[in-house]
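The structure appears below as structure tokens.
The values are calculated or read from the model by the stated rules, or taken from the named source; none is laboratory data. In this text the structure is predicted, and so the values were computed from the model without any measurement. Ideal geometry is used to build each Cβ from the backbone, glycine not excepted, and the neighbour counts take in all protein chains shown.
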Amino acid sequence: MINNVQIIETSEFTNNLTRDELISILEDNSCNEVLYKAADRVRKKYMGDEVHLRGLIEFSNICKRNCMYCGLRSENKNIKRYRLMPDEIIELARKGTEYGYKTFVLQSGEDEFYTVEKMKYIISSIKKMNVAVTISIGEKSFEEYKAYREVGADRYLIRIETTDKNLYDTMDPKMSHENRKNCLRDLKTLGYEVGSGSLVGLPNQTIESMADDILFFKEIGADMIGIGPFIPNGDTPLKNAKGGEFDLSLKVMALTRILLKDINIPATTAMETLNKNGRVIALQSGANVVMPNITEGEYRKLYALYPGKICVNDTPSHCRGCITGKITSIGRFVSKTKGYRDKSKNVLT
Ligand code: SF4
């Protein structure tokens, strides 16, 4: 009988796994090291040793949604809210270029203060710095996504969180799973590099649904996938939940690398919250991207999606040096390109 080690070793070359195989590997912890090493080899073969740094700007922690797992949910009255003005956001990006960042990720809760005109001004101003711009501001209309694309936005991140519709409906009250999928389709249609991803370890989340998540990433042709463990936040209804496990999150990430061989996969900050070496371990298990936070001062603490977030007391300059040291310590190097999935666009002028 073929065992999971053999299945993983074959999948490294076929980049294919059935749903049953994914489930069997996710359930079997005896093959974890084999899986991580196979994912690392796939990463090396298709993405090389360069690591792309994306400078993350968390510009508003105000959100109209109420996701059960998230510290920014609108019903959380224990969080001090903040919102950066457009010129402050642009200035953070300008400083980021001085640290050598070639890509910025503009992330916020779903905050209606930022009208289409404001976002267009922010995106077009940052694009003049000859960098790539990723946006992560939630569910918008096709026209809005189109407007951002027209002023130069390159990428958009919107996690599906889970493909289990019933679980999604419980976790994201008053949100529509179908609409979220439509957003992903719209973004693809508009020519964005599309990023999605999932949380691992939500209450009542099954291994079967995690296998479906991985297959979904492949089905939609995702260009980036971020996997993060669910970490219960004390200011949310899920404060007493068990929370996700580092190894299971890492396994979902590694399997995603095997199936989607040439996409960008970040070593997420949440991984490092659960394991003090989490991002390095992720980089050695299929990841090829890190997103250091370049938001400044108090705002770093206030973007509290989950507790125990790393680096909240550091400066952007410290983060840049720290992560570069970690990357070089494992024989990898920081990319000098904008890190497009389509390498023909990695032009430096
Ligand atoms: S997960 Fe996103 S949409 Fe949901 S409450 Fe948090 S910031 Fe808002």
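Could you please find all residues in the range 198-221 being in contact with a Gly (Cβ under 7 Å, 6 or more places away or on another chain) and not β-branched (Val, Ile, Thr)?
Leu199, Gly201
Please list, ordered by first then second residue, the pairs with beta carbon atoms under 6 Å, 6 or more apart or interchain, first in the range 103-116 and in contact (Cβ under 8 Å) with a residue 24 or more places away in the chain and farther than 15 Å from Arg155 by Cα, second away from the ligand (no atom under 14 Å from the Cβ) and not charged (D, E, K, R).
From the range 103-116, the pairs are Val116/Ala147.
Has the range 241-264 got any residue that is at pLDDT 95 or above, touching a Cys at 6+ places or on another chain (Cβ under 7 Å) and part of a loop (DSSP other than H, G, I, E, B)?
No, there is no match, as no residue in the range 241-264 is at pLDDT 95 or above, touching a Cys at 6+ places or on another chain (Cβ under 7 Å) and part of a loop (DSSP other than H, G, I, E, B).
Is there any pair linking a residue in the range 153-180 that is within 13 Å of the ligand (Cβ to nearest atom) to one that is outside any loop (DSSP other than H, G, I, E, B) and of a type in the set (Phe, Trp, Tyr), with Cβ under 6 Å and at least six apart or on different chains, and which?
Matching pairs, first to second residue: Thr162/Tyr168.
Taking the range 84-102 as the search range and keeping residues that are surrounded by 15 or more Cβ atoms within 10 Å (Cβ to Cβ) and assigned to a loop (DSSP other than H, G, I, E, B), which one is nearest to the ligand (Cβ to nearest atom)?
Result: Leu84.
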